[in-house]
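Comments concern the structure below.
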Amino acid sequence: MDAPRRSSASEPGAFAKDVDINHSENRQALAKGTTHRRIMEATATEVTTRGRYYANPDEATPADPALHLHVEAATQEALDRAVVMIERMKTENAPERSASVDEMSHSFASTHFSGDRYRGARSNSGALHQLQDKIFIEIESE
């Protein structure tokens, strides 16, 4: 989006750049704080999410820009490393649009419900079912 700007080399945010993620397949992952922390730790930069998602990029305005990451660094080298990392993450492990709902739900279930109480199981038809325990309690009214 922007060319890197430079203030004084002694300032923590002396170099800055906005990296467009509005139409990236991984925009949700890139906008997360955990991803920001990973980039910041690896490159010694500051990363923040700015703007908002626009399905039609023509709707973005300078006052309300499209979704992007704002990266600040003390050196040009640190800024360049962060931008390269973000650009790689924009396409790396992008979700496949052709994945079926059953494949996605199986992936979600095996990732999020792997404990004893919740686990994914396949029936003979291939449908994903969640197994869980129910505990019945009696509540007495006064």
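Rule-based calculations on the coordinates, nothing more; no lab input. Everything numeric in this text was worked out from a predicted model, so none of it was measured. No Cβ is skipped: glycine too gets one built from the backbone with ideal geometry, and neighbour counts run over all protein chains shown.
Computed from backbone phi with θ = phi - 60° and the Karplus coefficients 6.51, -1.76 and 1.60, the 3J(HN,Hα) list for region 58-67 is 5, 6, 5, 10, x, 6, 9, x, 5, 4 Hz; x is used for glycine and proline.
Peptides 31-41, 67-77, 81-91 ranked from most to least packed, by the mean per-residue count of other Cβ atoms within 10 Å: 67-77, 81-91, 31-41. Counting Lys and Arg as +1 and Asp and Glu as -1 over every other residue whose Cβ lies under 15 Å from the Cβ of Pro57, the net charge comes to -3. Summing charges over all other residues whose Cβ lies under 15 Å from the Cβ of Gly33, with Lys and Arg as +1 and Asp and Glu as -1, gives +3.
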